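The values are calculated or read from the model by the stated rules, or taken from the named source; none is laboratory data. This structure is a prediction, so every number in the text was calculated from the model and none was measured. All Cβ positions, even for glycine, are placed from backbone atoms using ideal geometry, and neighbour counts span all protein chains on display. For the accessible areas, the whole protein counts, side chains as well, though only heavy atoms, and no ligand, DNA or RNA atoms are used. Shrake-Rupley method; radii C 1.70, N 1.55, O 1.52, S 1.80 Å.
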Amino acid sequence: QVQLVESGGGLVQAGDSLRLTCAASGRTASVHIMAWYRQAPGKQRELVATITWVGLTDYTDSVKGRFTISRDNAKNTVYLQMNSLKPEDTAVYYCHARSYTSRNYWGQGTQVAVSA
C-alpha cells in the first residue's frame, strides 16, 4: 500500500502562485508514475500533470507554461508549482500514484481557489 497526503492549497488571487506538496509513504519503491489531478465543481476529474520515476513530465494543455511538476525521490515527495493562477484553475487537487503493477493510489485532495 501507498499513502499520499497533499498540502499547500489555499485561496489566492488571479496571477498568484501556489506550490502543492504530496508526501508519499508505505511501499513507495513500487511507484512508477506520480501525477496531479483536479476536479472542479460539477466537472469530471482531469489529469493535470504527470512525472515518471526518471523525471519525464507531461502536462495538460491548459497549464503548460504555468505549472511545473517535480519530484524528490529521496523524500518520496512530489510537487506542483502553479504560477499565473487563473480562476478556472479553481478545483480540488489530488495526488495520484501508479505502481509498476498498475495499482492506483489517491490522496484526500487539497482545495485551490483562485479569485478574479
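Looking at ASP89 and the list (1) within 15 Å of GLY9 (Cβ to Cβ); (2) in contact (Cβ under 8 Å) with a residue 60 or more places away in the chain, which single condition is not satisfied?
(2)
Can you work out which of the residues in region 62-77 that are over 15 Å from ARG38 (Cβ atoms), outside any strand (DSSP E or B) and open to solvent by less than 60 Å² (accessible area, probe 1.4 Å) is modelled with the lowest pLDDT?
Residue satisfying both the conditions and the ranking: ASN73.
I need every pair where a residue in region 23-39 that is among the hydrophobic types (A, V, I, L, M, F, W, C) has its Cβ under 6 Å from the Cβ of a residue that is part of a strand (DSSP E or B) and open to solvent by 50 Å² or more (accessible area, probe 1.4 Å), sequence separation at least 6 or different chains.
Between residues of region 23-39 that are among the hydrophobic types (A, V, I, L, M, F, W, C) and residues that are part of a strand (DSSP E or B) and open to solvent by 50 Å² or more (accessible area, probe 1.4 Å), the close pairs are ALA23/VAL5; ILE33/ARG98.
Name the single residue that is least open to solvent (accessible area, probe 1.4 Å) among those in region 78-112 being polar (S, T, N, Q) and either touching a Gly at 6+ places or on another chain (Cβ under 8 Å) or modelled with pLDDT of 95 or more (or both). Quick ask: steps written out before the conclusion?
Kept after step one, since they are polar (S, T, N, Q), are these residues of region 78-112: 81, 83-84, 90, 99, 101-102, 104, 108, 110-111.
With either touching a Gly at 6+ places or on another chain (Cβ under 8 Å) or modelled with pLDDT of 95 or more (or both) added as a condition, the list becomes 81, 83-84, 90, 104, 108, 110-111.
Numbers: GLN81: 61, ASN83: 57, SER84: 63, THR90: 39, ASN104: 76, GLN108: 108, THR110: 18, GLN111: 94 Å².
Ranking the qualifying residues of region 78-112, first place goes to THR110.
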